[in-house]
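One structure, as structure tokens, below. Some questions next.
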Amino acid sequence: MKIDELKFYEVIDSRGNPTIACKIFSGKFSSISMVPSGASTGSKEAQEIRDNDKKRFLGKGLKEVIKKTEHQIFGAICQKNLLDQKEIDNSLIELDGSKNKSNIGANMILAVSMAVSKVASQSENMELYQYLHQIAKQFEIDSDYSLPLPMMNILNGGAHANNPLEFQEFMIQPAGFEDFDESLRSGIEIFHNLKNELQDNNFSTSVGDEGGFAPEISDTKKALDFICSAVEKSGYKMGDEIFIAMDCAASEIFIDGKYSFEGNNLDTLGLIQIYEELIKSYPIKSIEDPLDENDWDGWKDITKQIGDKVSIVGDDLFVTNKKVLEKGIKNVSANSILIKVNQIGTISETLETISLANKNNISTVISHRSGETEDTFISDFAVGIGAGQIKTGAPSRSDRTAKYNRLLMINSDNNFSFEGTNEIKK
Ligand code: PGA
Ligand code: ZN
């Protein structure tokens, strides 16, 4: 089967910025994908491109980009076999020709890559997670289907909110449950109780970009204490059923060679000490981007010091890039990788990175971006490749709940495993 027609649209993401949607037609089938966009991006990410016409959407429009590249993209893939994801992705990479997809744009390329897999799954009469599971095998990923452990970002700070909290994300991992539904339900109850707690203490309950609350708190421990009391109020056991994960997005607080944290300018060891104290006082099981993306020696140190107790997750560090992950594996820089499809720009390259991670015992967390859409691709992706964990925000705002709702439906339709407790032990 071939791609008969390809259409791009300029649509809007959850932050009100334009983004790309792509509709692909093949025979009697058609499918739409939409591309997310980050706020605290890693410097080595594949590049999204925009019109830069200040008269429209403050320069973020995409009409001209679409006009310029639509025909070229169709020309590059129209003769390809729809079911050959690798070949189609390679054609897109070749057409772009740059190292970081800055010619055609990672946003344009990813929209096509995702839409291709969606139409292909229809033509094969498969659910998307089944089709992705099948493709993953070509990349030597042979994990069983599973429902991922949710990492729910219930307190937002950093670049995702205009409060003074320096760390970007405070998440709960409801791991101690038999089933995905129960895990998610407990997280949602905690979210509601956190709202009550904040309200009772006269804090705002307005939410940040990923749907978590964004109160005017500057003290990290205070934020963690609020989460602990919400867990207690909900009747769950902290450190047994519920664990904490943080995304520190530390590149954002790395200024002039020092980490700016709660009024201090810390060196790498100083910040690692803070983490050591925090993991002694709270059941923190995962720390993402604890250090700046170029602080490779620091990453090695922190993994050596606390990597046996917590997941050290590379997001801005690895940018879902196989080559950078290779360096990280050699350097023993982390023990977990965040996977964001738009950081690298094609499904095939994403699968290559995951395959390398799997072979080296690096756990994988499939992730949304802070700027999202109603596209639920990542839910199917996480299940299809048995990723183990998913990070897709708080249970609030449709851009986030769309992903959870898709997972609930997949869970209800199947008897796939949920390995929350094992994920925490990794
Ligand atoms: P971003 O943040 O999508 O704004 O880059 C998400 C993250 O850092 O994990
Ligand atoms: Zn991150």
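On the accessible surface of region 5-125, probed at 1.4 Å, how many percent belong to carbon and sulfur atoms?
That share works out to 48 percent.
Sticking with this one: Determine the dipole magnitude for the chain: charges of +1 sit on the beta-carbon of Lys and Arg, -1 on that of Asp and Glu, nothing else is charged, the reference point is the Cα centre, and the result goes in debye to the nearest 20.
Taking the Cα centre of the chain as origin, the dipole is about 1020 debye.
Related question: Can you tell me the accessible area per residue over region 1-155, all protein chains present, probe 1.4 angstrom, in square angstrom?
44 Å²
Using only the alpha-carbon atoms, what does region 5-125 span along each of its principal axes? Please give whole angstrom values in decreasing order.
41, 27, 26
Given the C-alpha centroids of region 168-209 and region 320-372, what is the distance between them in whole angstrom?
Cα centres, region 168-209 to region 320-372: 27 Å.
Please list, short to long, the whole-number percent of alpha-carbon pairs of region 301-426 in consecutive 5 angstrom bins beginning at zero.
Per 5 Å bin, starting at 0, the Cα pair percentages come out as 2, 10, 21, 22, 20, 15, 7, 3, 0.
Once amide H atoms are built 1.01 Å from N in the peptide plane, which residues 5 or more positions from Asn360, or in another chain, come under 5 Å H to H?
none
On to the next question. Taking a probe of 1.4 Å, how large is the accessible area per residue of region 283-335, in Å²?
37 Å²
Just to confirm a number: summing +1 for Lys and Arg and -1 for Asp and Glu over residues other than Ser26 whose beta-carbon lies under 12 angstrom from that of Ser26, what do you get?
Taking every Cβ under 12 Å from that of Ser26, the sum is +2.
Oh, and also: Work out the FRET efficiency for Asn81 and Lys425 from their Cβ-Cβ distance, taking R0 = 35 Å, and round it to the nearest 0.05.
Step by step, r from the Cβ atoms, then E = 0.25.
For Asn415 and Glu94 in one chain, what is 0.36 nm times their gap in residues minus the Cα-Cα distance, to one decimal in nm?
This chain segment gains 111.5 nm when fully extended.
If packing is taken as the average count of other Cβ atoms within 10 Å, what order do 4-10, 196-202 fall into, highest mean first?
Packing proxy ranking, top to bottom: 4-10, 196-202.
Give, in nm to one decimal, the length gained when the segment between Asp219 and Ser260 is fully stretched (0.36 nm per residue of separation minus the Cα-Cα distance).
That pair, Asp219 and Ser260, stretches by 13.4 nm at full extension.
In region 237-357, if every C-alpha pair distance is counted and binned at 5 Å from zero, what percent goes to each bin?
Per 5 Å bin, starting at 0, the Cα pair percentages come out as 2, 11, 22, 21, 19, 13, 8, 3, 0.
Principal axes first, then extents: for the Cα atoms of the chain, list largest minus smallest coordinate on each axis, whole Å, largest first.
That gives 59, 49, 44 Å along the principal axes, largest extent first.
So, one more: Residues with beta-carbon under 13 Å from that of Glu64, excluding Glu64: net charge, scoring Lys, Arg +1 and Asp, Glu -1?
It works out to a net charge of +4.
Let me ask something else about it. Can you give me the distance in nm between label points at Glu182 and Asn331, each placed 7 Å from the Cα along the Cα-to-Cβ direction?
Here the modelled spin labels are 4.1 nm apart.
Which order do the peptides 94-104, 50-60 come out in when sorted by mean C-beta neighbours inside 10 angstrom, highest first?
Ranking the peptides 94-104, 50-60 by packing returns 94-104, 50-60.
So how far, in whole Å, is the C-alpha centre of region 247-300 from the one of region 70-106?
Their Cα centres are 38 Å away from one another.
For n ≥ 4 DSSP H runs only, could you compute -39500 (n - 2.57) per run for the chain, divide by its residues and tell me the 222 nm figure to the nearest 500?
-12500 deg cm²/dmol
Apply 1/(1 + (r/R0)^6) to the Cβ-Cβ distance of Lys233 and Asn17, taking R0 = 45 Å, and write down the FRET efficiency to the nearest 0.05.
The pair Lys233/Asn17 has a calculated efficiency of 0.80.
The values are calculated or read from the model by the stated rules, or taken from the named source; none is laboratory data. Remember, predicted model here, so these are calculated numbers, not experimental data. Cβ atoms come from the backbone with ideal geometry, glycine included; neighbour counts cover every protein chain shown. Each accessible area value is taken on the protein alone, full model and side chains, heavy atoms only, with ligands, DNA and RNA left out. Shrake-Rupley method; radii C 1.70, N 1.55, O 1.52, S 1.80 Å.
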